[in-house]
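Please read the structure below before turning to the comments.
Here, each number is a calculation from the coordinates, and none is a lab measurement. Bear in mind that the values here come from a model prediction, so they are computed numbers and not experimental data. Note that each Cβ is placed from the backbone with ideal geometry, even for glycine, and that neighbours are counted across all protein chains shown.
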Amino acid sequence: MLCRKFFALAVAGLSVVIATESWGRDLFVSSFRLDSGQTESKSTNSFLDVGSLFDEASLTALFGADYVVGVSEVVGNLNLRGVEVIVTYADGLSVLKVEIPTAGVEFTLNGTTRDQSEAEFQAWLEGEGEQGDREALSALLREFVEQSPVDPVAGNPNSLESRIFDGDFELGSMGPFLGDFPADTQDFPNLFKLDFNFGHFAAGPYGGQTYELDLAYGWNPSKRLSVVTDLAFVFDVSEGEALTGMGHFGLGLQGRIKEWWNLSLLARGGIAGSVDVGAAGAMYSVSLVSHFRHAIGDYWFEMRTLVGVANTIEGIEIEGISLDYNLTNVALKNGFSINRAFPLGSFSRPLQASIFYTRSDYFVDELWLDETNEIGVGVGLVSRDGIQAYSPVSLDTSYVFADGYDALKLAISLRF
């Protein structure tokens, strides 16, 4: 009964959030002003269409006869998913002046026509510029991770960097404790874990959904040691149509130091890309995860701690987009949970319930969010045989919050 009520509450909560209309807006928003003072706006959710926001055809469609092709002075304010960029055509000129005020960047594109300058701007955004232009682009990318709530590579809980550390945090605490094995056993059962995760988020003015599939495996060659690995795929949909895909792979060793304490060393690599959002990046990380458990009467308390470092891998190209973030971050994650098993009368297995809290902090390079909090509850079945710490099926729901960010997550986990 408790399990059914918990599940119904979680689904109802998700339904309310998902049914609520997003207060978001398009990822790329422009406002153009002629020298006459007339102002018009245009927006898109496609990174590949940013340049066409101010090509000759678009400006003519926006201003009609008030815009003289190749002649009228135009000043455009572009909001590129949270970062302000100013583009200017001077009176009678085809040269495009580009400014990123927050990064202190300013340069010009010297096309023979305004459409050619616009095409060079789009190519610059995709990483095809000369060396000097690429340095300016790197400055823009750093602004993205610092100011954009939806950058796929870093800076927010849905980014590749956050997912990499989340993966290390979960993988490093997946295995059993030394005290879970019967004293006289010679059989050390291995573990498969399959997770399905769904989230609905609001990040700054944007909203969206995330979907994740994570397959993990733990091989226990002895009581003292496990080899753990996992592979995860994530899809992110921002503003109902901007799709981002990412994947990451982790591998590590977990040592059972004490009856109640595990320590894991993990390495992970991942890649993220989106032609809609306009991002391409790869990262690798190394993490150390400590996991311990302590029983207090009918309850048991668990604490997990991660210290890790992640760096971007440069030279990655996805669908013609080649971007170099030059990013390094150190992460610190601390998680606490209180758990208890509840017998269910004649039911063959007790129910395991938990309350948990996790805090994540990021250091070194500036990010849009350098700290997040997650609080949640979970319920699952206690294993009937094998390693008792494993729950063969569990359901967790949690709320993630930070300054300017809110998300509701639902996770279903199968262990066998």
Kindly express, to the nearest 10 degrees and within the range 0 to 90, the angle between helix 114-125's C-alpha long axis and the longest C-alpha principal axis of the chain. 20 degrees
In terms of Cα to Cα distance under 26 Å, which lysines are near enough to Lys333, apart from those fewer than 8 places away along the same chain? Lys193, Lys258, Lys409
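Sort 303-309, 186-192 for me by packing, meaning the mean count of neighbouring Cβ atoms within 10 Å per residue, highest on top. Let's see the in-between values first.
Numbers: 303-309: 18.9, 186-192: 12.6.
So the order, starting with the most tightly packed, is 303-309, 186-192.
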What are the extents of the Cα atoms of the range 75-207 along their three principal axes, in Å, largest first? 87, 31, 23
Which whole-number percent is the relative contact order of the chain (Cα, under 8 Å, 6+ apart)? 13 percent
Test item: Cα-centred dipole of the chain, Lys/Arg +1 and Asp/Glu -1 on Cβ, debye: 2780 debye
Largest-first ellipsoid semi-axes for the range 28-147, taking √(5λ) over the Cα gyration tensor eigenvalues, angstrom: 23, 16, 12
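Arrange the following residues from fewest to most other Cβ atoms within 10 Å of their Cβ: Arg224, Arg81. Working shown, then result.
Values: Arg224 13, Arg81 25.
Lowest to highest Cβ neighbour count: Arg224, Arg81.
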Please compute the Kirkwood hydrodynamic radius over the range 283-416, one decimal place, Å, based on all pairs of different Cα atoms. 17.6 Å
Under a Cβ-Cβ cut-off of 11 Å, what is the net charge of the residues other than Leu332 that fall near it, where Lys and Arg count +1 and Asp and Glu count -1? -1
Would you kindly calculate the translational diffusion coefficient of the range 29-93, applying Stokes-Einstein with the Kirkwood radius from alpha carbon pairs, for 37 °C and a viscosity of 0.692 mPa s, and quote it in µm² s⁻¹ without decimals? 276 µm²/s
Largest first and to the nearest Å, give the Cα extent of the chain along each principal axis. 87, 42, 28
Counted charge near Asp91, where neighbours are those whose Cβ lies closer than 15 Å (Asp, Glu -1; Lys, Arg +1): 0
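How large is the Kirkwood hydrodynamic radius of the range 222-354, in angstrom, based on all distinct alpha carbon pairs? Spell out each step's value before the answer.
Numbers: mean 1/r = 0.0557 Å⁻¹.
Over the range 222-354, the inverse of the mean reciprocal pair distance is 18.0 Å.
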Quick one: helix 2-19 against the long Cα principal axis of the chain, what's the angle to the nearest 10°, folded into 0 to 90? 0 degrees
Please give every one of the lysines within straight-line cross-link reach of Lys97, meaning a C-alpha to C-alpha distance under 27 Å, and leave out same-chain neighbours fewer than 8 residues apart. Lys42
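What fraction, in whole percent, of alpha-carbon pairs in the range 210-291 exceed 18 Å separation? Could the numbers behind the result be given before it?
Values: 1751 of 3321 pairs.
Taking all Cα-Cα pairs of the range 210-291, the fraction more than 18 Å apart is 53 percent.
Give, rounded to the nearest 20 debye, the magnitude of the charge dipole that the range 28-147 has about its Cα centre when Lys and Arg contribute +1 at Cβ and Asp and Glu contribute -1 at Cβ.
Numbers: 7 positive and 21 negative charges, 49 e Å.
The calculation lands at about 240 debye.
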Rounded to the nearest 20 debye, what is the charge dipole size of the range 296-378 about its Cα centre when +1 sits on each Lys and Arg Cβ and -1 on each Asp and Glu Cβ? 840 debye
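Using helices alone, I'd like the mean residue ellipticity at 222 nm for the chain: each DSSP H run of four-plus residues gives -39500 (n - 2.57), total over residue count, nearest 500. Mind showing how you got there, number by number?
Details: 5 runs with 67 residues, N = 416.
Taking each H run of at least 4 residues, the total per residue is -5000 deg cm²/dmol.
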